[in-house]
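Structure record follows, encoded as structure tokens.
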Amino acid sequence: GKDGKADAKGGSGSVTLSQEQRTKVQGSFAKHKGQSANVNITVNVGVAVPRTVELRPIPQDIIVIVPAYRRYRYFVVGDKVCIVDPDTYEIVEIIVIA
């Protein structure tokens with residue numbers, strides 16, 4: 001857009017986080033973690049998740065840090081938060097929360 005913000009649509013769908021953003025997002029997701037999903041797949045970026053996995057909306061405090069995440073959903077597996085494109089069900093980012 002002309003206001004200097006990149007459009008969320010287009011590209012491969014991946015979002016590059018700065019180290020500071022990643023740290024903040026890890027902290028926020030740690031609070032929202034909730035229940036771990038039971039998936040029989042190896043979670044990696046680019047892997048399509050079964051449609052049976054319940055995807056949750058990205059919490060508002062995380063969208064404030066990374067506005068490009070607004071259109072995505074997420075689920076948790078163990079200590080990994082998997083950010084998923086709801087159109088393709090592909091994992092676009094994995095955030096490990098300690």
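The values are calculated or read from the model by the stated rules, or taken from the named source; none is laboratory data. All values reported here derive from a predicted model rather than from experimental measurement. Glycine gets a Cβ as well: all are built from the backbone with ideal geometry, and neighbour counts include every protein chain shown. With ligands, DNA and RNA removed, areas are computed over all heavy atoms of the protein, side chains included. Shrake-Rupley method; radii C 1.70, N 1.55, O 1.52, S 1.80 Å.
Quick notes on this one:
- Placing a pseudo-label 7 Å from each Cα along the Cα-to-Cβ vector at V39 and R71 gives an inter-label distance of 1.9 nm.
- Accessible surface ranking that places the most exposed of K80, K31 first, with a 1.4 angstrom probe: K31, K80
- Difference of contour (0.36 nm per residue) and Cα-Cα distance, K80 to R51: 8.6 nm
- Neighbour net charge for R56 - beta-carbon separation under 11 angstrom, K R +1, D E -1: +1
- Highest-MSF residue in the chain out of V81, V25, V53 [GNM, Cα springs under 10 Å]: V53
- Principal-axis tilt of helix 19-32 within the chain, Cα atoms, nearest 10 degrees: 50 degrees
- Mean residue ellipticity (222 nm) of the chain, computed from DSSP H runs ≥ 4 via -39,500 (n - 2.57), nearest 500: -6000 deg cm²/dmol
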